[in-house]
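The values are calculated or read from the model by the stated rules, or taken from the named source; none is laboratory data. Note that the structure is predicted; figures quoted are calculated from it, not measured. We place every Cβ from the backbone using ideal geometry, glycine too, and count neighbours over all the protein chains shown. What goes into the accessible areas is simple: the full protein's heavy atoms, side chains included, and nothing from ligands, DNA or RNA. Shrake-Rupley method; radii C 1.70, N 1.55, O 1.52, S 1.80 Å.
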Amino acid sequence: VSRVVIDYHLLRDVLAAEQGRRLTRLTTTNEVTTTNLYYVRLCKSVVGSRGGTLTGSWAPDRRRELGRRLLELPDSIVILPMRLIGYRMAELAESQRLSTLGAEAVAAAEHLGASLCVWDGDDGPGIREAARSAGVTYRTIPL
Amino acid sequence: VIDLGFAVLTVPAGEAPKLLGDLLSREDHAAFVSSLADDPDLATT
């Protein structure tokens with residue numbers, strides 16, 4: 001089974017069923033995983049959201065509750081527990097000068113033998129180089 | 001069916017993802033992420 005680790009932008013699009021052609025192909029031909037911190041970052045976005053045409057008139061606490069339910073991940077989306085990659089994350093953060101988020105993404109992809117896929121608008125040179133050094137395939141995906 | 005605690009929301013099958021799209025548009029999400037650029041733990045560079 002081939003696997004991909006997707007970032008929070010791509011995860012949002014998967015959960016909102018707003019996938020472009022390349023993302024659709026990616027998610028239908030691979031097991032989809034993400035990371036704890038990508039997930040947290042997406043949750044932070046929803047907590048702070050103001051909503052659009054359908055939900056903008058809702059009270060903030062009710063919008064947040066709706067968001068909590070909508071962000072419950074389906075079982076098909078895997079997140080590696082920190083206990084499996086925590087030490088490797090610390091090594092990567094130290095040696096590659098990565099953020100905690102970046103270190104988790106590279107460590108998860110390395111552990112799973114997965115490709116690391118990020119939205120091309122959020123392509124970061126630090127994570128890209130760290131992935132290359134760790135032998136992880138790094139791909140950017142347009143929305 | 002989405003149980004929100006204070007109410008139960010019934011939406012047609014497959015429509016729930018559209019609610020997420022409304023709650024957090026792609027543009028709003030990108031803007032929010034950009035606003036966190038100074039967070040050293042969550043930086044993407």
Enumerate by residue number the GluC sites (Glu not before Pro) in segment A:21-72 meeting two conditions: DSSP loop (anything except H, G, I, E, B), and at most 14 other Cβ atoms within 10 Å of the site's Cβ.
A:Glu72
Which value, in Å², gives the accessible area per residue of chain A when a 1.4 Å probe is used on the protein heavy atoms?
48
Summing -39500 (n - 2.57) over the DSSP H runs of n ≥ 4 in the protein assembly as shown and dividing by its residue number, what mean residue ellipticity at 222 nm do you reach, to the nearest 500 deg cm²/dmol?
-15500 deg cm²/dmol
Debye intensity ratio in log₁₀ form over the Cα atoms of segment A:1-105, taken at each q of 0.12, 0.16 Å⁻¹
-0.49, -0.81
Distance in nm between pseudo-label sites at A:Arg83 and B:Ala7 (7 Å out along the Cβ direction from Cα):
4.1
For chain A, percent of DSSP beta bridges that are antiparallel (nearest 5) comes out at 0
Over all residues in B:14-20, what is the mean tally of Cβ atoms on other chains that come within 10 Å of each residue's Cβ?
6
Just order B:11-17, A:4-10, A:75-81, A:124-130 by mean Cβ neighbour count inside 10 Å, highest at the front, would you?
A:4-10, A:124-130, A:75-81, B:11-17
Around A:Gly52, which amide H atoms from residues at least 5 apart in sequence, or from another chain, sit under 5 Å from its own amide H, with H modelled in the peptide plane?
B:Leu23
At q = 0.11, 0.13 Å⁻¹, what log₁₀ I(q)/I(0) does a Debye calculation on the Cα points of the protein assembly as shown give, no solvent, two decimals?
-0.48, -0.66
In whole percents, the bins of 5 Å from zero upward hold the Cα-Cα pairs of chain B as 5, 18, 17, 15, 12, 13, 11, 8, 1
Does segment A:1-56 come out rounded, prolate or oblate, given a ≥ b ≥ c as the square roots of the eigenvalues of its C-alpha gyration tensor, rounded meaning a/c under 1.5 and, failing that, prolate meaning a/b above b/c?
oblate
Under the definition of partner shielding as Cβ atoms of other protein chains within 10 Å of a residue Cβ, what is the mean value for peptide B:26-36?
6
Interchain or long-range residues, amide H under 5 Å from A:Ile141's placed H
A:Val118, A:Trp119, A:Asp120
Which loop trypsin sites (Lys or Arg not before Pro) in segment A:11-114, with loop taken from DSSP, have no more than 15 other Cβ atoms within 10 angstrom of their Cβ?
A:Arg50, A:Arg97
Using θ = phi - 60° and Karplus 6.51 cos²θ - 1.76 cosθ + 1.60, couplings along segment A:77-89 (whole Hz; Gly, Pro as x)
9, 8, 10, 5, x, 4, 4, 7, 10, x, 5, 5, 4
Take peptide A:12-20, look around each residue's Cβ out to 10 angstrom, count Cβ atoms belonging to other protein chains, and average those counts.
5
